[in-house]
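Structure first, then comments.
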Amino acid sequence: MTATPTRHDWTRDEVLALFDLPFNDLLYRAHTVHQENHDSNAVQVSTLLSIKTGGCPEDCAYCPQAARYDTGVQAQKLMEIDDVLARAKAAKAAGASRFCMGAAWRGPKDRDIPKVAAIVSAVKGLGLETCATLGLLGDGHAQALKDAGLDYYNHNIDTAPEFYGEIIHTREYQDRLETLGQVRDAGLKTCCGGIVGMGETREQRAGLLQALANLPEHPQSVPINQLVPVPGTPLANTDKLDPFEFVRAIAVARILMPRSIVRLSAGRQQMDDAVQALCFFAGAGSIFAGDKLLTTGNPDVRTITPCSADSTCIRWTWWRPRAPCTRTSSILPAPTKPPVAATAAVAAQRHDPAGVIPAEVGMTPASAARIPAPCPDPSFFIDWPPRRLGASVPVCCAACAWSSTATVRGWNRKAAACSASAATTTWVWQIGRAHV
C-alpha cells in the first residue's frame with residue numbers, strides 16, 4: 001500500500017467539488033485512496049455501551065438522552081464495574097476489538113474520573129481497545145483516563161460550524177475544539193466525526209468534513225452518523241437523507257482524511273445491504289456492532305465473523321474473503337458446515353501428508369476418497385467469482401479446515417452452508433464433482 005499525502009488546508013470549494021463529482025467517479029477516487037492506505041477488505045468492529053444513561057442537561061436536538069425531551073429514556077446512575085465487564089466480555093466474544101463507553105454528561109466532574117478510570121482499566125485488562133465519550137473534559141481528565149489505559153476519546157463536532165447553532169445551544173463549537181485539544185495533548189487517539197441528515201445542506205455537509213480534515217491532526221477514527229430520528233426530539237420529523245448522499249459523505253471523508261478509519265456508525269440499521277456495501281467500497285473501514293448505540297437500535301452481533309487472530313473483519317459474500325481465518329464468533333449459531341480455511345501447512349498435514357493430491361482437487365472420486373475424517377461429505381467452496389473457466393482458484397472444504405487450489409469447471413448459484421448466515425446466498429463453484 002502506498003500512503004496518500006495528508007492535508008489540513010482544504011477549502012470549502014474543493015470539498016464541494018468532490019461532493020459534486022459523478023457518483024462513479026467519486027467512488028473510484030475514494031476506493032483508490034482506501035486501497036492505498038488500508039486493507040479494503042477488512043472492517044474493524046467496535047461495540048458501544050451507555051455506562052451512564054439519560055438525564056443530560058444539554059439540548060442537542062438529535063439526542064434522546066437530553067433531560068428536557070420526552071423520549072422515554074430514564075436517567076440512570078453510572079454502571080458498576082462488574083456489569084460493564086460482563087458486557088465487554090460478551091462484545092469480545094462476539095468479535096469486537098474495541099469497547100466504547102458513553103456517559104450522558106455535559107462533562108464528568110472531578111469525582112467521576114476515578115470511577116470511570118477504574119472501569120477503563122478493567123476493560124483494558126480484557127485485551128480490548130478502549131474508547132470513552134463523556135462530554136467536555138476538565139483539566140487533567142484526559143491524562144487521568146490515558147493513565148488508566150484509555151486508547152481513544154470520542155468527541156464529535158457534530159456538524160458544520162455555521163449550522164451548529166441550529167442543533168445545539170448549551171455548548172459552543174469552540175468548547176468541543178478545546179476538549180479535542182486536551183485529548184491530543186494527553187497523547188490519546190481522537191475519535192471525532194459528526195451527523196448527517198439533520199436538515200443541513202450539501203454545502204453544510206461539506207463544511208462538517210472540511211472542519212474535520214482541517215483539524216491540527218486528523219482524527220484516527222472518524223464516525224459518520226446518519227440521523228436516527230427519535231420521537232420526542234426536535235429532529236423527530238426530519239426528512240430522511242438520500243442514501244446516495246450518505247455514501248457521498250463517506251467517500252469524501254475517505255478522500256479528505258486518507259489515513260483515518262472512517263466508521264459507518266449510527267443509522268446502519270436503517271440501511272440495506274446494498275447501501276452498506278457501497279459505503280464500504282467508498283472507504284468505510286469500521287462499524288459498531290451490538291443491539292444498541294447508546295439508546296438507539298443497531299444491527300446485532302450475529303452479523304460478525306471475526307477472521308484472524310489479530311484483527312476483526314466482516315465477511316461479505318460479495319467480497320474476497322481474508323485468509324486464513326482462524327476463529328469464528330461464539331455468538332453465531334453453528335452452521336451445518338462452518339466457515340473454514342487453513343494455512344497450506346495445516347492443509348497438507350490434515351489431508352495430504354504424502355503430497356499426492358493433485359492441484360485439481362476433487363477432480364476424481366479417488367482423490368476425494370483420500371480425504372480422511374472428519375470429512376464424510378467433502379464439498380468445496382470459494383466466495384470470489386473467477387473471470388473464466390479453467391481459472392486456478394483457492395478452495396476450502398466445508399467440513400473441516402482443509403484448503404487448496406483447484407481449476408474451475410463450472411458454476412451455479414445456491415445457498416452455501418459455509419457462509420456466515422444460512423440465509424445468505426453466495427456463489428458456489430463446481431470443481432469437477434457434484435455439490436451437496
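The values are calculated or read from the model by the stated rules, or taken from the named source; none is laboratory data. Quantities reported herein were computed from a predicted structural model and do not represent experimental measurements. Cβ sites come from the backbone with ideal geometry, for glycine too, and all protein chains shown count toward neighbours.
Results, tabulated for the structure shown:
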item	result
Set Ala213, Ala132: member being buried (at least 22 other Cβ atoms within 10 Å of the Cβ) and modelled with pLDDT of 95 or more	Ala213
Selection status of His155, surrounded by fewer than 20 Cβ atoms within 10 Å (Cβ to Cβ) and in contact (Cβ under 8 Å) with a residue 24 or more places away in the chain	no
Tabulated pairs, region 11-26, first farther than 16 Å from Leu208 by Cβ, second part of a loop (DSSP other than H, G, I, E, B) and among the acidic types (Asp, Glu), C-beta under 9 angstrom, 6+ apart or interchain	Leu26/Asp20
Those residues of region 12-41 which are in a helix (DSSP H, G or I) and of a type in the set (D, E, K, R), in sequence order	Arg12, Asp13, Glu14, Asp25, Arg29, Glu36
Condition broken by Ala75, with the remaining ones in (1) small (Gly, Ala, Ser); (2) surrounded by 13 or more Cβ atoms within 10 Å (Cβ to Cβ); (3) out of contact with any Lys or Arg (no Cβ under 6 Å at 6 or more places or on another chain); (4) within 19 Å of Gly54 (Cα to Cα) satisfied	(2)
Residue that is assigned to a loop (DSSP other than H, G, I, E, B), without any contact (Cβ under 8 Å) to a residue 60 or more places away in the chain, under 22 Å from Ala61 (Cα atoms) and within 26 Å of the chain's Cα centre (by Cα), where the choices are Leu180, Leu136	Leu136
Only one of Val222, Val252, Val247 that is over 23 Å from His155 (Cβ atoms), touching a helix residue (DSSP H, G or I) at 6+ places or on another chain (Cβ under 7 Å), surrounded by 24 or more Cβ atoms within 10 Å (Cβ to Cβ) and in contact (Cβ under 8 Å) with a residue 40 or more places away in the chain	Val247
Condition check for Gly187: in contact with a helix residue (DSSP H, G or I) (Cβ under 7 Å, 6 or more places away or on another chain) and in the same structural domain as Leu150 (by TED's automatic domain parsing)	yes
Scope region 22-39; condition of a type in the set (A, V, I, L, M, F, W, C) and under 13 Å from Arg254 (Cβ atoms); matching residues	Leu26, Leu27, Ala30, Val33
Which listed residue is within 18 Å of the chain's Cα centre (by Cα) and touching a residue at least 60 places away in the same chain (Cβ under 8 Å), from Ala61, Ala94, Ala88	Ala94
Search result, residues across region 37-68 that are under 24 Å from Thr238 (Cβ atoms) and of a type in the set (Lys, Arg)	Arg68
Check on Thr47, in contact with a helix residue (DSSP H, G or I) (Cβ under 7 Å, 6 or more places away or on another chain) and hydroxyl-bearing (Ser, Thr, Tyr)	yes
Hits in region 139-167 - residues which are in a loop (DSSP other than H, G, I, E, B) and not acidic (Asp, Glu)	Gly140, Ala148, Gly149, Leu150, His155, Asn156, Ile157, Thr159, Ala160, Pro161, Phe163, Ile167
From the options Ile119, Ile113, residue that is in contact with a Gly (Cβ under 9 Å, 6 or more places away or on another chain) and in a helix (DSSP H, G or I)	Ile113
Matching residues, region 67-110, being in a helix (DSSP H, G or I) and among the acidic types (Asp, Glu)	Asp82, Asp83, Asp110
So His141, is it within 21 Å of Ile113 (Cβ to Cβ), in contact with a Pro (Cβ under 9 Å, 6 or more places away or on another chain) and touching a residue at least 12 places away in the same chain (Cβ under 8 Å)	yes
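Conditions (1) on the phi > 0 side of the Ramachandran plot; (2) free of Cβ contacts under 8 Å to residues at least 24 places away in the same chain; (3) buried (at least 22 other Cβ atoms within 10 Å of the Cβ); (4) under 23 Å from the mean Cα position of the chain (by Cα), marked per residue:
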{"position": "Gly102", "(1), (2), (3), (4)": "no, no, no, yes"}
{"position": "Leu150", "(1), (2), (3), (4)": "no, no, yes, yes"}
{"position": "Thr159", "(1), (2), (3), (4)": "no, no, yes, yes"}
{"position": "Gly165", "(1), (2), (3), (4)": "no, yes, no, no"}
{"position": "Cys191", "(1), (2), (3), (4)": "no, no, yes, yes"}
{"position": "Met198", "(1), (2), (3), (4)": "no, no, yes, yes"}
